[in-house]
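Here's the structure we're looking at; comments come further down.
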Amino acid sequence: MKLFLVLSVFIAFTGKPVSSSCEIEFSPPNVVVRFGDPFSLNCSSTSNQIDSMGWEAIYGTGTGLQDGVSSVALKIDSVKDWQMEPQCFVNLENGVQCSETLNFTVYKMPDFISQPSQMDPMVEGEKYRLQCDIVNVTPIRHLFVVWHIGNSIIYEHSFTDNTTFPVNTSSVLNLTAQRGYNGAQVWCEAKMIFSPPIQSLPTIQSKPLKLIVLYSPTFTTPENETFELSARNKIMLNCTATGNPMPVYSWGFAHPIQQTKKNDSQLILTPSIRLPGTYNCTASNTQGSSTKYFTVIEAPRNRTTFAALVGGFVFLGAVLFIGGLLFVQPDGTFSFSKVGYL
């Protein structure tokens, strides 16, 4: 501050205008410091007409005017101000003075992030609003919040607030419930992003929230099915469905004789109750119901086997007829002598 007054008096008495005609460079060119941490940097000029150089800063050492130098260093042991604007001054031999303000950012990571807001079970297709609260963070414009469901990133939230003091803020996710979200965990993750990036800068994660989504039953094999009756084989009709809450099942039988209470996802038709016709299964829960149909038909007959049987009977009949001509006597008795006589 004393230096600032000295420079002001200098300008007032000399009447020389402040100019930015000389080149000033910072190393590093941008400073990003966590609140409370130390930092140091250097200010230099490429002019060959330098009379003196110095820093105007609230904190730190090395801020006085130094004659006949082309660079001055600034060192701060601990950053204690949320908004700092260190300036480097160069006085030229011709009485011209120029200055440059350092691009300086002080940041603070969030203290914590709240768990996504609790809610009752979701219903498939309905829209919901989830919120994570980020506590005590600055600067907001460098805050970046990522929303996760399971192993997927579903939303990325950036901020435009130019506040330079620690504040509380929130990130909101507008979500349409899907059955695939049921049982998945949702959480949000906050991180600070700077350019150039700061290596090994930590991220802050919220506790996960397990999603519960209610949805109507859907069959694992949704198409209607057709089965053929075959000798002595059982037929299994599979009506397994997924849904939340867990579905309950009811069956419709093709024939009154088969009407028995059945409340599971599979029906086995044994030889004693294997009858052709259309069977149906309905899976139901609080969100709706769905019905699947099974058609049981008679298996087509094997005409090759039938022809072989008919041929066998014809052949047997012919043998008996010829045998009757050869061995049967007129009185109906059987004798091999007739063959010899003929």
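Computed from the coordinates by the stated procedures, all read-outs in this text should not be read as laboratory data. Predicted model, so just to flag it, every value in this text is computed and none were measured. A quick note on method: Cβ atoms are made from the backbone with ideal geometry, for glycine too, and the neighbour counts reach across all protein chains shown.
Observations
- Computed lengthening from residue 49 to residue 238, 0.36 nm per intervening residue step minus Cα-Cα distance: 58.8 nm
- Each residue, residue 185 and residue 69, gets one label point 7 Å from its Cα in the Cβ direction; the gap between the two is 5.4 nm.
- Label-to-label distance, residue 35 versus residue 114, with points set 7 angstrom from Cα along the beta-carbon direction: 2.0 nm.
- Peptides 276-284, 46-54 ordered by packing proxy, namely the average of other Cβ atoms within 10 Å per residue, highest first: 276-284, 46-54.
- Computed E for residue 295/residue 205 - FRET, C-beta separation, R0 51 angstrom, nearest 0.05: 0.40
- Inverse of mean 1/r across different Cα pairs in the range 78-162, Kirkwood, Å: 17.4
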